[in-house]
Amino acid sequence: MATTPLVSMRGISKVYPDGVKALENVDFDLYPGEVHSLLGENGAGKTTLMRILYGEIRPSSGKIIVEDREVKWSGPWDAIRAGIAMVYQHFRLVETLTVEENLLIYLSSLGLNRAEARSRVEEAMERLGLEVPLVARVGDLPMGVRQRVEILKAISGGAKVLILDEPTSNLTPLEVEALFSVVERLKSLGVSVVYITHKLWEVTRISDRITVLRRGRVVATLKNDGVSEEELARLMVGELAEQGGRGARRKPGKAALTVRNLRVLVDGVERLKGVSLTVREGEILGVAGVAGNGQEELVAAILGLLKPVEGEVLLWGKPVRSPRDFYKLGGGIIPGDRSQILAAEMSVGENAAFIFYTGSRKIALTPGEVEALYREIKDRFHLVAPGPDAPVGRLSGGNQQKVVVGSEVLRGPKLLVAVNPTQGLDIATTRFVRGLLSDLASQGVAVLLVSADLDEVLELSDRVVVMSGGRITGELARGDATPEKVGVLMGA
Amino acid sequence: MPSLRGLGERIVGLWPIALSVAAGLAVGGATVALYGGDPLRSLVVLVAGLQYYPDIAFIAMSVLILTGLAFAIPLRVGLFNIGAEGLVILGGLIAVVLGSRIPSPIPPLIVAPLASAIVGAFVALLRLKLNVNEVLSTIMINWIIYWTALYAVAKPLADPQYPNRTVRILEEAALPRWPSERLEILGFTVYPGTVPSVLLISIVVALAAWLATFYTLPGLRYRFVGANESAARLRGTSVDLVKLLAMAVAGGLSGLAGAILVLGHVGYIDVVLSSVTGYGFEGIGVALVGKNHPLGIVASSLFFSSLRSGSAWLQIDQGVPDKVADMVNGAIVFAIAALAGAHLVLGHRPWEKAAKILAGRR
Ligand SMILES: Nc1ncnc2c1ncn2[C@@H]1O[C@H](COP(=O)(O)OP(=O)(O)OP(=O)(O)O)[C@@H](O)[C@H]1O
Ligand SMILES: [Mg+2]
């Protein structure tokens, strides 16, 4: 490793205009060709620190030194020109344009002409060993490929530093492996990578060094040789509460959700090829499987958003034909992607009320009611937010998730469809949400847990079904469901 | 309740509006200077124009509140409605037809909004079912109504005694005015007769729009349709129905605007339609300066109507054409669009949906 850092952030503090102290006197160094992970609980300030490096926001104090020169960014373009690029969890690509068009737009704003841009892209593809379909429309591509487009965009724009903010949250396990090999490749090319994640195994697997933030301060910067995941977890949260454990379950009751022989076509392609399942009151049915094997379509069909060509969805024996039916019959959902349900510019209170009052016939909605709802979510779900009037987009990712989960759970659904419910949550909150699902089941709520995280499915579910290629390839009872058996069914 | 800090942030957030208004006034001042007038004095006259022809200003304000809302309400759900211009004419025509035959203002006050609401809903249906861009359809409908109206005022509705205008509405059909004596209030002389009663209608409508948008659950859903359409759909909101209603309400308000213009002020329409044209398009500026907020629209309509009255005075005072007001108006809208466009390119704050839509990004 080189001896002088490529990027050095010194004494960085950040107080947001609404008074939130996000960072306090943070030092952060990045050496050429290293993978440096940033760890910390929700709201610890990881994204904030990197947005400062990327020039998107200005630090309240402190300085940034790049290649021995102090820099002051007036916006991301300054950072980009200096070779610093950031890839967000939600990609910043124009979905209606092709990959090539997206790349050309970006590169031309860096002052390159068409021919130069083309040759840069080709060169970057070659150096990275990446193949992306240049003529495909971005909107048609899977998330993993879009991410590769983002990385390619950054590298062909001359990035020497690549910031990845929770890059694996929308990826399938295979795509995660592919991302790791891209990261390895970047390293060997001398590109430095900042890697933000909540998944500790990823951290120990690919980082050279790790910086842990807690409430806006650095608590440790360590080399990744032999640190255990437990140690990292302790650094992040101080003391870790004992695992909640599964509450005692009643005997499962009546069938709450019945999916019968569901066949769904999307753009003429058969995505669900006859899926049947039943979730009973008081149990958690886990749906395991590599993302992209029909889970999304299954959830959309259960909600009544996708019309099946065959088969039906019943809640307590009554058919669901639209989202309205779904909610009226007692259904609730935690969607897999927060942006599907939150409106970033609207306030925390408004977003919460929108979710909480779904299906309600209420007319007047007073600020007092919204505030009371906000308080309840804040108290019960440990939400960290400046207040009900702050735009929800300004909360850290994990706290946005708490708004979604909190509002929906408070609504009191009798059947809860939870899709990757702990995505983007830190360890403590993940435990909290898992405990919550468990408690709900103990109280008689039927839970359908669709998660790409196999550990999560195995930990929580009373029964597990495995989806592969639009079919259910097997069902395993709790205790019988081992990662190996599920793995076999996932490939079936 | 919004916190004090939130309020501060909101006020700071008004800088693009302030800048645009300043730019518009600068254009106005420069024009006056070109004509050899005194630019500074003219600006004072324009901004404080209310005092010169309060009756013109207040009736304009009443109408502009409604046409401003007619632009703002669909804009919040991503629809660019420029059909108010035509529907004001339609509403005015209906008021003349009914008002000249039935001795009561009630029938036109019901029929004009209803008919215009149907046109608005029709535009929405074209958009939702056949994907016909509402900008195109409203422009075409504007022209259809315009030419039809020109024919109607010149032929079937013409007043044989006064060839320059239509028949007059019956006295019983006119909306009341306050008594015209002057009053002394706190040492000020006030002429209540200059404030038309229809201003009250418009302000009540604006207050209702404000409450419905921000303090009701259906209003919250309506705002979600604009802010995150797929979220609204996911939560069981009928997105298409909301858009249809938004366009219908917008249409209805435009028709109402035309009706109150005739019933509350002129009582007839002139053969070149000058008494009912211009308000619809001016509503776009009113809505933009009012930041698409019903109360903001009330405030900005006061400003725009002052411009109208002030520029009429300017013509006498400085000998410059009263079209200065239109220039100021146009420059403001242009500046707002340009700033919003710059935001699109430079920043990610979607503070003006308008620019996105203008730029064809839906
Ligand atoms: N634009 C903003 N305005 C005000 N406060 C903000 C803004 N962005 C973030 N914050 C606050 O700053 C703190 C740090 O947020 P940040 O997004 O950096 O956390 P994070 O470590 O990335 O968390 P997560 O793991 O949940 O993504 C949080 O309390 C958050 O609410
Ligand atoms: Mg973050």
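The values are calculated or read from the model by the stated rules, or taken from the named source; none is laboratory data. The structure presented is a predicted model; accordingly, all values stated were derived computationally and were not measured. Cβ sites come from the backbone with ideal geometry, for glycine too, and all protein chains shown count toward neighbours.
Computed quantities for the displayed model
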read-out	value
Close pairs from segment A:38-61: first free of Cβ contacts under 8 Å to residues at least 60 places away in the same chain and within 14 Å of chain B (Cβ to nearest Cβ), partner within 13 Å of ligand 2 (Cβ to nearest atom) and among the hydroxyl-bearing types (Ser, Thr, Tyr), Cβ under 8 Å, at least 6 apart	A:57/A:48
Matching residues in segment A:147-170 - criterion: being part of a loop (DSSP other than H, G, I, E, B) and either within 16 Å of ligand 1 (Cβ to nearest atom) or modelled with pLDDT under 90 (or both)	A:166, A:167, A:168, A:169, A:170
Sole exception among (1) within 13 Å of ligand 2 (Cβ to nearest atom); (2) assigned to a strand (DSSP E or B) for residue A:49, by number	(2)
Single condition residue B:296 does not satisfy, out of (1) touching a strand residue (DSSP E or B) at 6+ places or on another chain (Cβ under 9 Å); (2) away from every other protein chain (no Cβ under 14 Å); (3) without any contact (Cβ under 8 Å) to a residue 60 or more places away in the chain	(1)
Sole residue being modelled with pLDDT of 90 or more, of a type in the set (A, V, I, L, M, F, W, C), away from ligand 2 (no atom under 15 Å from the Cβ) and within 25 Å of residue A:327 (Cα to Cα), chosen from A:417, A:392, A:403	A:417
Residue that is farthest from residue A:260 (Cα to Cα), among those in segment A:316-345 that are in a strand (DSSP E or B) and within 14 Å of chain B (Cβ to nearest Cβ)	A:334
Any strands (runs of 3 or more DSSP E) falling wholly within segment A:435-492 and containing at least 2 residues that are surrounded by 22 or more Cβ atoms within 10 Å (Cβ to Cβ) and in contact with a strand residue (DSSP E or B) (Cβ under 9 Å, 6 or more places away or on another chain)	A:446-450, A:463-468
Output for segment A:18-37, where each listed residue is touching a helix residue (DSSP H, G or I) at 6+ places or on another chain (Cβ under 7 Å) and either more than 8 Å from ligand 1 (Cβ to nearest atom) or at pLDDT below 95 (or both)	A:18, A:22, A:26, A:28, A:33, A:35, A:37
Verdict on residue A:379 being in a helix (DSSP H, G or I) and assigned by TED's automatic domain parsing to the domain that holds residue A:264	yes
Wholly enclosed helices (runs of 4 or more DSSP H) of segment B:1-120 bearing at least 1 residues surrounded by 24 or more Cβ atoms within 10 Å (Cβ to Cβ)	B:15-34, B:39-47, B:54-75, B:84-99
Selection count, segment A:196-223, where residues are in contact with a helix residue (DSSP H, G or I) (Cβ under 8 Å, 6 or more places away or on another chain), part of a strand (DSSP E or B), under 16 Å from residue A:50 (Cβ atoms) and more than 13 Å from ligand 1 (Cβ to nearest atom)	1
Test result for residue A:187, under 23 Å from residue A:337 (Cβ atoms) and either assigned to a helix (DSSP H, G or I) or acidic (Asp, Glu) (or both)	no
Every residue from segment B:307-320 that is touching a residue at least 60 places away in the same chain (Cβ under 8 Å) and farther than 24 Å from residue B:289 by Cα	B:317, B:318, B:319, B:320
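Quick grid of which residues meet (1) within 11 Å of ligand 1 (Cβ to nearest atom); (2) within 30 Å of residue A:285 (Cα to Cα); (3) not assigned by TED's automatic domain parsing to the domain that holds residue A:303:
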| site | (1), (2), (3) |
| --- | --- |
| A:357 | no, yes, no |
| A:364 | no, no, no |
| A:367 | no, no, no |
| A:373 | no, yes, no |
| A:399 | yes, yes, no |
| A:411 | no, yes, no |
